[in-house]
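**Student:** Could you have a look at this structure, given as structure tokens, before my questions?
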């Protein structure tokens with residue numbers, strides 16, 4: 001017999017979708033959609049919710065709770081849900097365990113969820129070792145970020161750090177050259193990049209703080225033609241990560 005989630009369960013899922021405080025308190029988050037669901041490591045799944053129509057169309061899918069289509073629509077975060085979502089355990093990484101790689105992206109106070117999700121996905125595709133963020137960045141476990149990563153959130157290590165300045169100094173001591181993306185920097189094509197490197201990208205509106213700029217080994221800029229002054233943060237990250 002199918003189990004229908006009670007009001008308490010529904011409220012808990014909605015809280016995980018809507019409030020970062022609930023995600024931080026529980027160590028859980030929600031991912032939605034069939035493709036994203038297939039990417040989740042099975043051991044990380046806490047519970048799975050499906051709509052009646054999804055259950056009918058996918059009889060082999062394991063689930064914990066089934067809802068009427070109209071109820072699932074209210075539960076889901078997207079306007080046109082696919083009929084499946086899961087409550088998932090958050091992944092925990094330590095910065096000290098992530099400093100043996102060769103390619104990193106560091107983010108300071110990035111606010112746009114779509115930008116963050118795209119950067120994580122791009123970083124995985126480019127072979128990055130990890131994404132490092134300060135506490136001023138948007139929540140990586142918000143539904144929009146999770147969807148934007150297209151599953152990369154389950155494969156690419158990432159970490160929020162209390163003091164980005166300390167982390168950058170630790171990376172430099174570990175032999176990683178740190179490049180800060182800045183309009184006033186040296187043009188990217190003119191730079192011979194270090195084998196082990198990290199690129200720092202700042203807030204969409206304000207860029208990097210002076211403290212972070214001062215810590216970088218070198219400031220770099222992406223050359224632009226016409227009257228364009230700057231690029232979207234995710235586009236800039238992609239260009240830097242794929243600069244061989």
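Each reported figure results from applying straightforward, stated rules to the coordinates on display, with no laboratory input. Keep in mind that this is a model prediction, so the values were computed, not measured. Ideal geometry is used to build each Cβ from the backbone, glycine not excepted, and the neighbour counts take in all protein chains shown.
**Student:** Can you work out the PRE-style zone for residue 163? Point 7 Å along Cα to Cβ, and I want the residues of the stretch 176-215 with backbone N under 16 Å.
**Tutor:** Output list for this probe position: 211-212, 215.
**Student:** Can you work out the FRET efficiency for the pair residue 231 and residue 69, with r the C-beta to C-beta distance and R0 = 45 Å, to the nearest 0.05? Please report the intermediate quantities before stating the final value.
**Tutor:** Numbers: r = 42 Å, r/R0 = 0.92.
That pair, residue 231 with residue 69, gives E of 0.60.
**Student:** Helix-derived [θ] at 222 nm for the chain: sum -39500 (n - 2.57) over DSSP H runs of at least 4, divide by residue count, nearest 500?
**Tutor:** Numbers: 10 runs with 83 residues, N = 244.
Rounded to the nearest 500, the figure is -9500 deg cm²/dmol.
**Student:** Which percent, to the nearest 5, of DSSP beta bridges fully inside the stretch 95-241 are antiparallel? Mind dumping the intermediate values first?
**Tutor:** Working: 1 of 23 bridges.
Among the beta bridges of the stretch 95-241, antiparallel pairing accounts for roughly 5 percent.
**Student:** Does anyone have the angle between helix 164-173 and the longest principal axis of the chain? Alpha-carbon axes, 0 to 90°, nearest 10?
**Tutor:** Taking the Cα atoms of the chain, the angle to 164-173 is about 60 degrees.
**Student:** Would you mind ranking 159, 13 so that the residue whose beta carbon has the fewest other beta carbons within 10 Å leads the list?
**Tutor:** With the sparsest Cβ surroundings first, the list reads 159, 13.
**Student:** Follow-up question, since we're still on this one. For each of 137, 17, count neighbouring Cβ atoms within 10 Å of the residue's Cβ, then give the residues from fewest to most.
**Tutor:** Exposure proxy ranking, most exposed first: 17, 137.
**Student:** Can you tell me the relative contact order of the stretch 95-241? Whole percent, Cα pairs under 8 Å, sequence separation 6 or more. Present the calculation step by step, with values, prior to reporting the outcome.
**Tutor:** Values: 279 pairs, mean separation 42.9, N = 147.
Relative contact order of the stretch 95-241: 29 percent.
**Student:** A further question on this structure: Using only Cα atoms, tell me the angle between helix 113-125 and the longest principal axis of the chain; keep it within 0 to 90° and round to the nearest 10.
**Tutor:** Roughly 70 degrees, rounded to the nearest 10.
**Student:** Taking other Cβ within 10 Å of each residue's Cβ, how do 200, 178, 228, 46 sort, fewest first?
**Tutor:** Least crowded to most crowded, the residues run 228, 46, 178, 200.
**Student:** A further question on this structure: How many angstrom lie between the Cα centre of the stretch 224-238 and the Cα centre of the stretch 67-93?
**Tutor:** Taking the Cα centre of each part, the stretch 224-238 and the stretch 67-93 sit 34 Å apart.
**Student:** Rounded, prolate or oblate: which fits the stretch 7-89, taking a ≥ b ≥ c as square roots of the Cα gyration tensor eigenvalues, rounded meaning a/c under 1.5, else prolate when a/b beats b/c?
**Tutor:** Here the stretch 7-89 falls in the oblate category.
**Student:** Compute the angle between helix 7-18 and the longest alpha-carbon principal axis of the chain, please, reported from 0 to 90 degrees and rounded to the nearest 10.
**Tutor:** Tilt of helix 7-18: around 20 degrees.
**Student:** Another question, if that's okay. When a/c reaches 1.5 or more, the comparison of a/b and b/c decides; with that in mind, is the stretch 1-43 rounded, prolate or oblate per its Cα gyration tensor?
**Tutor:** oblate
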